[in-house]
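To start, the structure itself, in structure tokens.
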Amino acid sequence: MSSGPYAALDPCVHCGFCLPACPTYLVTADEGHSPRGRIVLMRALERGEMSGHDAALVEYLDACLGCRGCEPVCPSGVGYGRGLEAAREQLLSQRGLSPLARSVLGVFRYRALWRSVFALARGLRATRLPSLLSGPGRMRFGMGMLAASAEMRERVEWSARQRGSGTAGHELGSRDDLAADQTRRPAAPPTVALFRGCVMDLLFSHVHAATRRTLEVNGYRVLDLPDQMCCGALHEHAGDRESARALASANVEALAGRADFVVVNSAGCGALLKDYGHLVGTPESSTLAASVRDVSELLAEKGPRPGAPLDIDVAYDAPCHLQHAQRVHEAPLAMLRAIPALRLQLLPGSDRCCGSAGIYSVLRPRMARKVLESKIADVEAASPRPDLVVTGNPGCIMQIGAGLRAAKLPVRVAHPVELLDLSYQNAGFYEVKGE
Amino acid sequence: MNSSLLAALSRIVGRQWVRHRRAELVTYAMDGLPTHESLPGVVVIPGSPEQVREIIRLLHVVRVPFVARGAGTGLSGGALADPDAVLIALTRLNRILRVDPLQRRAVVQPGVVNARLSEAVLPFGLHYVPDPSSQAACTVGGNVAENAGGPHCLKYGVTTNHIVALEVALPDGSSIRLGSLHGEPWGPDLVGLFVGSEGMFGIATEITVRLERIPQSVRTMLADFSTVRAASEAVSSIIAAGIVPAALEMMDRACVAAVEASIYAAGYPTDAAAVLLVELDGQSDAVEAETALVRDILTERGARAVRTASTPADRARLWQGRKKAFGAMGRIAPDLAVQDAVVPRSALPAIMDQIDGIRLEYGLTISNVFHAGDGNLHPNISFDRRDSAVIARVRSACRDIMAACVAVGGSITGEHGVGNDKLDYMPWIFDAETLGAMRAVRRAFDPTELANPGKVVPVHACREWTAVKSTRTPTLRSGHS
Ligand SMILES: Cc1cc2nc3c(=O)[nH]c(=O)nc-3n(C[C@H](O)[C@H](O)[C@H](O)COP(=O)(O)OP(=O)(O)OC[C@H]3O[C@@H](n4cnc5c(N)ncnc54)[C@H](O)[C@@H]3O)c2cc1C
Ligand code: SF4
Ligand code: SF4
């Protein structure tokens, strides 16, 4: 029993209820790849009975996706995520990062670096080569991931047939294109600062644009604040708390006290931003953390306003960092249900991790692919087969998207807010008044 | 474990399915009862029944003992292996091989998770009845080995009533088939003998189960009482009236309080001394009639209120609290000593009073949750082992409770098995000759005693045991059911 950083593991009574919820256990059938087995190892690490240099221990703990699928099923309320955080920090201090992890994380510490990396990636994506080259092999899977990050409307043929007449015209996506219906706004609309992030800002700028537009339609005023950094989640998950804290502090500085809410459209970033109080430990960080919302939460709060019908089959896939870490279940569904005619499905395993898990899919591609396989199989077996899988996290969009491409399934992936945005566009909500 | 054995095992299953490094073994050192711990010599995770047989053949030749393991949710330390033994984890054998909806049979590998099986046959309007509270995690192979029960076993019978055939790898690596699609074709019920054998007779490599049609109509009732005795008497009255509910479960105040404080809060009245969950199922009109009758009996016996749930969602909520009760208790205190005993149903009210007396005598928190319909008790003591003074009291209370149950003609386990945890209680209820006979049966299957050695039947089953029984103290069990 402990009161230190591992205290959250104390209630574990070794009952095994978490086993069937763990994606890595499901693909390996090995206790060491289960939450219960990892808790035993973390406790041994805590008590000093095992060292951070023990190769087998490190393998098992590294192979954890950090998806926290084990938390909601645990009747004893074990805080697995907190325990893992402590273990990874301890491991890092004892053995350091792998060279690959170090270089990947290094990129995300500096804005100039990640901006140039993603700008290159965006340039490559624009050539349409990734889409052509996507496939099952490791390299082609990477291409598939990049292709999957593109805007939904560029990838989905049916989007044309969904479009109402006469609304297709004007240029969308630029920052000042916020001509939402002014008359719907209350006197003093709540202000929302958009968290830009790293990968979202460059590869998913279309999701940012959709976020802005849909929020404006629902009566929020969206602010764009400068000097933001990567959220630090990748560093935090790797146990590099120092970098995570530095990035978080910079974000607290950039965002604190500037708006009623901070809106995030990447579940992984949102989960960490909501935890900034714990990570940074200052009053401002706690206040800021309390104002963080996933985009679906803000929209669901307002209904959201229904748009034009979209006659499609859509499967919702819950990002782990939204449903388990942030405990947001209903909001994304409420948001999708506001789209008339849309047929929403929850496939079996829609609450199971896709294997993306931050940079996990880069560091441990074999396990990540195995975890992904069962999700792809579920999509393939679905009847009716969905036109689209929607999920609110960039890593999941790319991972599932690449998986579907590798399996040659004609199903694409998008962020749920992209769908609401399309529905609003078809409804004519974005037409500039008097036009 | 010596390296030549590791090499031989690796040749059978492939290197990545042999676990021998310390960190790997540590994760297999416990089952659902974390007070017992033992590092196995090596863990192998075979990928096919043939590999299971090959492993056992190899071990038979070199005379190395082995222990089977399913999901490791057992509550008697049954799936623990000593450093000189090989632990054979059956979790990769998780395929449902065939479902025959017409004959209502399914053929499964032993590592199939209980709840997955029911999910898989649901589209045919069928289910696999035995539903231990651990069903989301435990395996059908583990259920067979422990003859697992569950709330719905009152009406439909425990695991043994739902297994019609088995393929078994015997402790010498040979393979036999017991039973048939339609039950035992002739002679002694060998399937019945194997079910509940706790891994002593070999490893079940293929299991043919009986499936049942999902009942047309189901009603779940929740009744609350101001005394435990009144609730216990209501249980007896229902059975005496000739009604066989699908399930009849009781929880006392301490248990209700724990559940209601957890995420599985089911809306049980927290001021009641005891609540009863009664489930009736069958044809709609019969269920209606029985529901009315049971409601009358409950009211007559002093129920303060009777709530009836008929929608699947309401019923699921009432059940959720019961099924997660033990985990929920984990929130009260970090340790939980779970007892598993059976008493004749008629002795229920008296035994409940005695347990309450023991609780007061030792000043402990004891909560009771149990399958009241068949007299299977789980009195649980919540405690904190960091308080060293409390441990002696917990031990004494455990012993007294078990002794009280045995004294009224009860038994030392209802469904969790003997394993290594209850080895010491065996001489309490069986004399030396009976234990000797048990050992002889074991030897018929396993002459060299390689399968799950040292468990279930005390090895030194001799006359002196009966003499020392009064001085022996039962071991403390902790964990939950
Ligand atoms: C929270 C909780 C609630 C529970 N509720 C119930 C309940 O309501 N009713 C009940 O009866 N039990 C209950 N149990 C106990 C436990 O779940 C059952 O005993 C279950 O049958 C064990 O299955 P397992 O797969 O986990 O087996 P394990 O624990 O892995 O093994 C149990 C025993 O079976 C042997 N074994 C496993 N597989 C095979 C095989 N294929 N062939 C031969 N031997 C094998 C092992 O050697 C061991 O002796 C509960 C446990 C927990 C933790
Ligand atoms: S479900 Fe919770 S208490 Fe049970 S083994 Fe998993 S973490 Fe431990
Ligand atoms: S966080 Fe995910 S991968 Fe890790 S133990 Fe929990 S369920 Fe398994």
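Quick check: the distance between the Cα centres of segment B:430-449 and segment A:292-360, to the nearest angstrom?
Between the Cα centres of segment B:430-449 and segment A:292-360 lies a distance of 59 Å.
Could you tell me whether segment A:4-95 comes out rounded, prolate or oblate from its Cα gyration tensor? Rule is a ≥ b ≥ c as square roots of the eigenvalues, rounded for a/c under 1.5, then prolate if a/b exceeds b/c, otherwise oblate. Show your work: numbers first, answer last.
Working: a/c = 1.82, a/b = 1.29, b/c = 1.41.
Oblate, because a/c is 1.5 or more while a/b does not exceed b/c.
Angle, helix B:432-445 long axis vs. longest principal axis of chain B, Cα atoms, 0 to 90°, nearest 10?
In chain B, helix B:432-445 runs at an angle near 50 degrees to the longest axis.
Mind pulling the angle between the C-alpha long axis of helix B:284-300 and the longest principal axis of chain B? Nearest 10 degrees, somewhere in 0 to 90.
For helix B:284-300, the angle is close to 60 degrees.
Can you give me the convex hull volume of the Cα atoms of chain A, divided per residue and expressed in Å³?
Details: hull volume 59.5 nm³, N = 435.
In chain A, the Cα hull volume divided by residue count equals 137 Å³.
Can you work out the Karplus-derived ³J(HN,Hα) for every residue in segment B:61-73? Use 6.51 cos²θ - 1.76 cosθ + 1.60 with θ = phi - 60°, whole Hz, and x for glycine or proline.
Listing the rounded values in order: 4, 8, 6, 10, x, 9, 9, 7, 9, x, 8, x, 9 Hz.
Using 7 Å Cα-to-Cβ label points, what is the residue A:47/residue B:389 separation (nm, one decimal)?
So the label points at residue A:47 and residue B:389 sit 2.5 nm apart.
Which FRET efficiency, nearest 0.05, do residue A:290 and residue A:377 yield, Cβ-Cβ r, R0 51 Å?
0.80
Calculated FRET efficiency, residue B:300 and residue B:270, Cβ-Cβ r, R0 22 Å, to nearest 0.05?
Step by step, r from the Cβ atoms, then E = 0.35.
Once you have the Kirkwood Rh of segment A:280-414 from its Cα pairs, apply Stokes-Einstein at 25 °C and 0.890 mPa s and quote D in µm²/s.
Numbers: Rh = 15.9 Å.
D = 154 µm²/s.
By DSSP, what percent of the beta bridges with both residues in the protein assembly as shown are antiparallel, rounded to the nearest 5?
70 percent
Taking amide H positions as placed in the peptide plane 1.01 Å from N, state which residues far from residue B:74 in sequence (5 or more) or on other chains have amide H under 5 Å from it.
Placed amide hydrogens put B:32 under 5 Å from residue B:74.
What list do you get for B:438, B:251, B:30 if you sort them by fewest beta carbons within 10 Å?
B:438, B:30, B:251
Please give, to one decimal in nm, the separation of the simple spin-label points placed at residue A:62 and residue B:365, each 7 Å out from Cα toward the Cβ.
4.2 nm
By the 4.7 Å beta carbon criterion, which cysteine residues of chain A come out unpaired?
Unpaired cysteines in chain A: A:12, A:15, A:22, A:64, A:74, A:354, A:396.
Want the number for residue B:293 to residue B:310: 0.36 nm per residue separation, take away the alpha-carbon distance, what's left?
Full extension from residue B:293 to residue B:310 adds 4.5 nm.
Can you tell me the order of B:213-219, A:392-398, B:414-420 when each peptide is scored by its average per-residue count of other Cβ atoms within 10 angstrom, highest first?
So the order, starting with the most tightly packed, is A:392-398, B:414-420, B:213-219.
Which parts of segment A:359-380 would a label at residue B:15 reach, counting a residue when its backbone N lies under 20 Å from a point 7 Å out along Cα-to-Cβ?
Answer for this model: A:365-367.
If you rank A:103, B:134 by fewest surrounding Cβ atoms within 10 Å, what's the result?
Details: A:103 10, B:134 27.
By the 10 Å Cβ count, ascending, the order reads A:103, B:134.
So what is the diffusion coefficient of the protein assembly as shown in µm² per second by Stokes-Einstein at 4 °C and 1.567 mPa s, using a Kirkwood Rh over Cα pairs?
My calculation gives 43 µm²/s for D.
Mind checking A:67-80 for the average number of partner chain beta-carbons within 10 Å of each residue's beta-carbon?
For this peptide, the per-residue mean of nearby foreign Cβ atoms is 3.
If I take the Cα coordinates of segment B:1-65 and project them onto the principal axes, what are the three extents in Å, biggest first?
So the three principal-axis extents are 33, 23, 21 Å.
How high is the relative contact order of chain B, given as a whole-number percent (alpha carbon pairs under 8 Å, six or more residues apart)?
Across chain B, relative contact order equals 15 percent.
Would you mind working out the magnitude of the charge dipole of segment A:46-156 relative to its Cα centre, with +1 at each Lys and Arg C-beta and -1 at each Asp and Glu C-beta, to the nearest 20 Debye?
Using only the charged Cβ atoms, the result is roughly 820 debye.
Take the Cα of residue B:317, step 7 Å along the line toward its Cβ, and report every residue of segment A:319-359 whose backbone nitrogen sits under 19 Å from that point.
A:329-330
Under a crude label model (7 Å from the Cα following the beta-carbon direction), how far is residue B:3 from residue B:346 in nanometres?
Modelled inter-label distance: 6.8 nm.
Quick note: the coordinates plus some simple rules give every number you see, no bench work behind them. None of these values were measured; they are calculated from a predicted model. As a convention, Cβ positions derive from the backbone with ideal geometry for all residues, glycine included, and neighbour counts pool all protein chains shown.
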